[in-house]
């Protein structure tokens, strides 16, 4: 980690006595990087040690992919855009959905930390709140991307194939989406009091974000109000590029009227929103009291 | 992060005219006190008296409204980071991460406090040994008992060699045996590291161990002194004599020793300066048969009742825990 190793005086005297903690001379940057690394590592350890979380994180996407996907497939046979069937169509959406759920859940676990005290341990430590927030966003972002990538195992079953280039592109897009959603989740969490409010967030924020994101149905040919709603939903700009990378540009890309929104613009939108959310998150964490 | 040496006025904690208001409500109403380096300082008071608020301010979790407070020489308002680096905290509620092992909790704490890895490595074994958790270091904390978690918290609070260790009801809800263990560690620690300790407790025997005690009630400090002096301020010992004829005994003592007794259910109650020395003299003047004698020194409970009008043990653990976590939530919500 980023703390610099220094020769400690009095090594012949290993007891607890006398030696006060040495003046902390490590650079501020090194300290902050160390903290970010620590919070990240903590997220990783917790992810690995809670297999139930991995399983339950996979349950819903798998349900959507194999039950909903297989069930609706015959209904829309031959009508799906770009020559893909419904199960193929929903596959990128399901990966994005997994990232969406995982990101928001783990960001909101700050509330859990608050109830169980570890947050207090971090808040009374002589570190910047910014590095705590960044560590949290990077850490649960990584967890979310891993959750999403696990679903790639299902790609051959659904009939989707990915080249190495598409994989790298998708990895980057998932990372971006996870980062933005985490920042958003932390903002929600910093305004949330108890774990019970989670149910409300779930039905008022997470589910609408999912349904309006184009993950489950194409964003084209919708009633006007629905078309507008999907285009106002930030998650749409995270889901669409992932689908276009996996299925190609013909698979019902996002449009404004007849104009196909370019991927770079979508990426820019998500990046901008993520950055704004992150700075709000940092600010809401930085003030004591 | 370089912190200049703190201005050395010597005191470990220096509080001057501290006021904290929440809107209209004044939680802390102009308190002043100081704690000497190496002192075990008890901070007692009924629930809602301002204890937790004061501690939260000293630990930089809350802003003060008026006045000054220095911890380890650092101004809590101007240099919160300096304060944070110099203090250790053991709160009444557990603040460990359950899914990390004991060793990981300590290691992460080391990172948060900017300790070099080599130093964490060097300090961890003796600390774990001291709290009797060496064999458990590689187990996740969720498998620990309550007492073990508390001991790990104490070890963690000491990892960065704080100059002032805040112990907020450190043994609340623990069984008597574990409490004894923890106090053994704390005593050992004071002997070895001469760490200043700032303690809140509802247990009389723990308050009894303090070098000095401050009693806070309704946001004001109502008494501050050594336990001995505080008890002396309450007054005399109580000698209770149960005899074959208490009324007759009362007359005999009134004549022979000029002490006016008071008849109570359990016998004749006498208030005297030195109860133990008084008992032999009692026998010189009594002709009635004595069934039992009981000498009672004033306790800190009596002190507490005198200054706050409440019993020290009235304060329920669950209640105080609730309040503290509410304060925390409040503190956090406004972050």
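All of the numbers you see were taken from the coordinates with simple rules; none came from a lab. All of these numbers come straight from a predicted model, not from anything done at the bench. All Cβ positions, even for glycine, are placed from backbone atoms using ideal geometry, and neighbour counts span all protein chains on display.
Points to keep in mind about this one:
- Viscosity 0.692 mPa s, temperature 37 °C, Stokes-Einstein D of segment B:207-247 from Kirkwood C-alpha radius, µm²/s: 257
- Nearest-ten-degree value, helix B:275-285 long axis tilted from longest Cα axis of chain B: 10
- As a size descriptor, the averaged projected area of the C-alpha convex hull of chain A was calculated at 18.7 nm².
- Where Rh is the Kirkwood radius over Cα pairs, Rg/Rh for segment B:120-166: 0.96
- Alpha carbon centroid spacing (whole Å) that separates segment B:201-250 from segment A:237-289: 68
- Segment residue B:290..residue B:222, full-extension length gain: 20.4 nm, with 0.36 nm per residue of separation and the alpha-carbon distance subtracted.
- Largest first, the three principal axis extents of the alpha carbons in segment A:214-269 are 27, 21, 21 Å in whole numbers.
- Pair residue B:277, residue A:48: separation of 7 Å Cα→Cβ label points (nm): 7.0
- For chain B, the ratio of Cα radius of gyration to the globular rule of thumb 2.2 N^0.38 Å stands at 1.19.
- When the inverse distances between all different Cα atoms of segment A:119-263 are averaged and flipped, the Kirkwood radius reads 17.3 angstrom.
- Contact order, relative form, for chain A: 23 percent (alpha carbon pairs under 8 Å, 6 or more residues apart, mean separation divided by residue count).
- Nearest 10 degrees, 0 to 90: helix B:246-257 Cα axis against chain B principal axis: 90
- Chain B, relative contact order [Cα under 8 Å, separation at least 6], %: 20
- For chain B, calculated [θ]222 nm from helices alone, where every DSSP H run of n ≥ 4 adds -39500 (n - 2.57): -12000 deg cm²/dmol
- Size of segment B:167-210: Rg and Dmax of its alpha carbons, in Å, are 10.2, 27.
- Segment B:236-297: Rg to Rh, with Rh as the Kirkwood radius over Cα pairs: 0.90
- Ellipticity at 222 nm from helices only: DSSP H runs of n ≥ 4 in chain A, each -39500 (n - 2.57), divided by the residue count, give -20500 deg cm²/dmol.
- Selected from B:219, B:275, B:73 as most flexible by GNM, with chain B as the system and alpha-carbon contacts under 10 Å: B:275
- Scattering curve values for the protein assembly as shown, log₁₀ I(q)/I(0), Debye with Cα scatterers, q = 0.06, 0.10 Å⁻¹: -0.45, -0.94
- Per residue of B:85-92, other chain Cβ atoms within 10 Å of the residue Cβ number 3 on average.
- Axis angle, to the nearest 10 degrees, between helix B:117-130 and the longest C-alpha principal axis of chain B: 20 degrees.
- Each of A:167, A:64, A:47, B:143 was scored by other Cβ atoms within 10 Å of its Cβ. Arranged with the fewest first, they read B:143, A:167, A:64, A:47.
- Note on segment B:96-246: Kirkwood hydrodynamic radius from all Cα pairs is 17.7 Å, rounded to one decimal.
- Residue by residue along A:123-134, Cβ atoms of other protein chains within 10 Å of the local Cβ number 5 on average.
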